[in-house]
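Taking it in order: structure first as structure tokens, then the write-up.
The values are calculated or read from the model by the stated rules, or taken from the named source; none is laboratory data. Just so it is clear, the structure is predicted and the values come from calculations on it, not from any experiment. In this analysis, Cβ positions are derived from the backbone assuming ideal geometry, glycine residues included, and neighbour counts consider all displayed protein chains.
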Amino acid sequence: MSATRCQLRWAVRLTAFAVFFTLFYARQFLIDNLWPLAQAPEECLCGGENFCFKGVDDDGHIVFGRKFPCTEQNLKNMKKLNLLQSDIDSTEEYQHLIGHGWQPTIVTYGSDKVFKLLRNLAGNMAKYYPSAKIVIYDFGLTEEQKTEIKWWCNSGRSEFVMTDWPETLLSLGERAYQFIVLDAMSRFDAVIYADPTTRFKFDNAGVSVSLIDYLFKIKFSFAPPTTLMTMTSQTVASITHKGMYEYLPVPYQATQMTAMSGKSIFFVESKYTRELMKWWYLCSTTPECLAPHNATADCTQLTDNPSKNVHCHHSAESFWNLYEIAHLFGEQKAAVRYDMAPRWSEITPSLVQRVDSSRSSMLRKLTPDRVEYRLDEREEQLRLPCMGERPWYGWFLEGKQYETE
């Protein structure tokens, strides 16, 4: 009798499990296919590719932004980076590869100016992600620093030749460093971009429980495959120059959402991420988009009115935030898919506040109590076995210990 009851309970559980997955995939099919996508107008095309970002206006209608420069070099580089529409459509989704045993690849940049911060980032990662690989893109390291990096825990240096890319990037200095994500995503299925000032504070070694929870949400499409991991205390409007809205149009109300920091970003290979990379490439190589006239990161006066912000601008960080807003409130209303809000007929302050609160709740475990940023180079350096000095037999092993290429 007890055996029969046990079999019945398992049958009920399996049936409930099957129903859940059927409903889940039916839901995804309806969301992805019920509403036809608006096609870009003819004047937005460049070699058959859409060069006008699809945004949304204050009334919730789909609008296209200003056309990015249609040049042969842009098309050539987009093909090289697999960012053409045919590449995006054929991108394999890698969410299913991420499980409890996954360890991230950390990508960051290094220069003589930030080397001390970079050294402490490597030590921080070695403590909390002992199996993680750290890839450091070289933006001006000295020969002595290059040699030292060879003896850091699981760390390796990667060349990034700026002359291979549009000249406009050279004039942007550090504001262009996040361009390395484009190269990293062509080499790895999932990465965490970490500014040299990033310090993780997980209580347990390995992948944190909160990160596993987020990975679970990604795998089942309850969160986007790319996310900014920490929040700021400013609004998106207050850190975004009004010139960027010409290329990335979003509703006024939505710019009142809390701005996310661009110092640490989690990327998982997917159609969504590759589409994001396309627009990041076009914006980062267009000075009027990434760094509009008179834009400055030294913000002494902030305003929450997007039409009046003609100075304060956080470049890459501003881009990531506008892209997320367009995704949440745009054509397919992703905020509904992520269960952040019910379907709406108009974008209101209360709707924006609800979405902002839901997003904050989801990311709370990953924010102030889990990640911090250190600008003080005098912070205590972690002393770990694999962060030691070059051993006496280093001449024999040099270049072989933690190579990434």
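Figures for the structure shown
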quantity: Check on residue 122, touching a Cys at 6+ places or on another chain (Cβ under 7 Å), in a helix (DSSP H, G or I) and modelled with pLDDT under 85; calculated: no
quantity: Positions within region 180-191 being farther than 16 Å from residue 280 by Cα and either surrounded by fewer than 22 Cβ atoms within 10 Å (Cβ to Cβ) or among the aromatic types (Phe, Trp, Tyr) (or both), in sequence order; calculated: 187, 188, 189
quantity: Close pairs (6 angstrom Cβ cut-off, 6 or more residues apart or separate chains): farther than 13 Å from residue 83 by Cα in region 37-50, of a type in the set (S, T, N, Q) and at pLDDT 95 or above anywhere; calculated: 40/50; 44/50
quantity: Subset of region 315-343 (residues that are free of Cβ contacts under 8 Å to residues at least 40 places away in the same chain and more than 18 Å from the chain's Cα centre (by Cα)); calculated: 333, 340, 341, 342, 343
quantity: Subset tally (residues that are within 18 Å of residue 360 (Cα to Cα), modelled with pLDDT of 90 or more and under 19 Å from the mean Cα position of the chain (by Cα)) for region 215-253; calculated: 2
quantity: Test: residue in region 247-254 that is outside any strand (DSSP E or B), surrounded by fewer than 18 Cβ atoms within 10 Å (Cβ to Cβ) and of a type in the set (Phe, Trp, Tyr); calculated: yes
quantity: Of all residues making up region 106-125, the number that are surrounded by fewer than 21 Cβ atoms within 10 Å (Cβ to Cβ) and hydroxyl-bearing (Ser, Thr, Tyr); calculated: 1
quantity: Which numbered condition residue 152 fails, given (1) surrounded by 15 or more Cβ atoms within 10 Å (Cβ to Cβ); (2) of a type outside the set (D, E, K, R); (3) out of contact with any helix residue (DSSP H, G or I) (no Cβ under 7 Å at 6 or more places or on another chain); (4) at pLDDT 85 or above; calculated: (3)
quantity: Residue under evaluation residue 244, criteria (1) within 16 Å of residue 297 (Cβ to Cβ); (2) surrounded by fewer than 22 Cβ atoms within 10 Å (Cβ to Cβ), criterion not met; calculated: (2)
quantity: Residue match in region 13-22 (condition: touching an Asp or Glu at 6+ places or on another chain (Cβ under 9 Å) and either modelled with pLDDT of 85 or more or under 26 Å from residue 217 (Cα atoms) (or both)); calculated: no
quantity: Yes/no for residue 121 being closer than 30 Å to residue 41 by Cα and hydrophobic (A, V, I, L, M, F, W, C); calculated: no
quantity: Region 244-263 residues that are polar (S, T, N, Q), paired with ones that are crowded, with 21+ Cβ neighbours inside 10 Å and part of a loop (DSSP other than H, G, I, E, B) (beta carbon under 8 Å, 6 or more apart); calculated: 255/236; 255/240; 255/306; 256/236; 258/236
quantity: Which numbered condition residue 130 fails, given (1) surrounded by fewer than 17 Cβ atoms within 10 Å (Cβ to Cβ); (2) under 30 Å from residue 39 (Cβ atoms); calculated: (2)
quantity: Verdict on residue 303 being surrounded by 21 or more Cβ atoms within 10 Å (Cβ to Cβ), out of contact with any His (no Cβ under 7 Å at 6 or more places or on another chain) and among the β-branched types (Val, Ile, Thr); calculated: no
quantity: Residue count for region 60-97, restricted to those that are at pLDDT below 90 and among the acidic types (Asp, Glu); calculated: 2
